[in-house]
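Before any comments, here is the structure.
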Amino acid sequence: MSIETEAPLHVFRFELSFKRVDSGQSGAIRVCGGAFAECSGLEATMEPKLIKSGGVNYGSTQRPGAVSFATVVLKRGMTSTRDLYTWFQLVGAGGHAFRLAAQIAVQNSAGATVITWGLDRCLPVKFKAADLNAKGTDVGIEELHLAHEGLRLLLA
């Protein structure tokens, strides 16, 4: 029996895109995207249910429970584009705002996509503008925090 092994992926090559899925359109419509420097929070956690049985004094039976998803945090250098803030503002103001599907494509050293993560029904829950400091020379970093309803591993 042979076990196939691959080289680990570098985590600095990824591309993120948002898409709106309309029932009246065939396929997805690209809404906004960006060159993000950092993406964290791609995680799902299942809380097991403990079932205690009478007469069994050594441990409990564990069954699968509800799955919850972490908030995904996106960071990028501040630019003059306003699409992500506009989306957050529409949601925060209570107006009609659509949820977006997000895809994070992880690429190998040749630039080919090898893994794609999908986030279902994303909703912006926090937007943080860059800190302003006249004494510094750093690039301004803005953050967008996303709540979502599903983390999926898509085919490459």
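Read-outs: derived from the displayed coordinates by stated rules, not from any lab. Owing to the predicted nature of the structure, the values given are computational and were not obtained by experimental measurement. Note: ideal-geometry Cβ built from the backbone for every residue, glycine included; neighbour counts use all protein chains shown.
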(request) Order by neighbour count: LEU90, LEU100, fewest other Cβ atoms within 10 Å first, most last. (result) LEU90, LEU100
(request) State, as an integer percentage, the relative contact order of the chain based on alpha-carbon contacts under 8 Å between residues 6 or more apart. (result) 24
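I want the local charge near GLN107. Using Cβ-Cβ distances under 15 Å, sum +1 for each Lys or Arg and -1 for each Asp or Glu among the other residues. Don't skip to the answer; put the middle values down first.
Numbers: positive: ARG13; negative: GLU6, GLU15.
Computed value for this residue: -1.
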(request) Treating the angle as unsigned and between 0 and 90°, give the value, to the nearest 10°, between the Cα long axis of helix 83-92 and the longest Cα principal axis of the chain. (result) 60
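Taking the Cβ-Cβ separation of GLU38 and GLN89 as r and a Förster radius of 30 Å, what is the calculated FRET efficiency to the nearest 0.05?
It comes out at approximately 0.85.
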(request) Choose one of ILE141, GLY59, THR116: the residue whose Cα lies farthest towards the positive end of the charge dipole of the chain (beta-carbon charges +1 Lys, Arg; -1 Asp, Glu; about the Cα centre). (result) GLY59
(message) If I histogram all Cα-Cα distances within the range 46-156 using bins 5 Å wide from 0, what percent of pairs lands in each bin?
(response) 2, 9, 13, 14, 14, 13, 10, 8, 6, 4, 3, 2, 1, 0
(request) Kindly provide the trypsin sites (Lys or Arg not before Pro) of the range 118-152 that DSSP labels as loop, not H, G, I, E or B, and whose Cβ sees at most 16 other Cβ atoms within 10 Å. (result) LYS135
(message) Net charge around PRO64, counting only other residues with Cβ within less than 14 Å of its Cβ (Lys, Arg = +1; Asp, Glu = -1)?
(response) +1
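Residue separation times 0.36 nm, minus the C-alpha to C-alpha distance between ASP131 and VAL114: what's the value?
Details: separation 17, 0.36 × 17 = 6.12 nm, distance 3.51 nm.
Here the segment from ASP131 to VAL114 would lengthen by 2.6 nm.
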(message) Which residue fluctuates most in the GNM of the chain (Cα springs below 10 Å): ALA102, ALA110, ALA134?
(response) ALA134
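Quick check: net charge around VAL73, other residues with Cβ under 15 Å of its Cβ, Lys/Arg +1 and Asp/Glu -1? Mind showing how you got there, number by number?
Details: positive: LYS75, ARG76, LYS126, LYS128; negative: GLU38, GLU43, GLU142, GLU143.
Local charge sum for VAL73: 0.
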(request) Give a residue-ordered list of calculated ³J(HN,Hα) values for the range 57-73 (Karplus: 6.51 cos²θ - 1.76 cosθ + 1.60, θ = phi - 60°; whole Hz; x for Gly, Pro). (result) 9, 10, x, 10, 7, 10, 10, x, x, 5, 9, 10, 10, 6, 6, 8, 10
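For the range 65-156, state which GluC sites (Glu not before Pro) are in a DSSP loop and have at most 12 other beta carbons lying within 10 Å of their beta carbon. Before the final figure, lay out the partial values.
Numbers: sites: GLU142, GLU143, GLU149; in loops: GLU149.
Taking the range 65-156 and a limit of 12 other Cβ atoms within 10 Å, the loop GluC sites (Glu not before Pro) found are GLU149.
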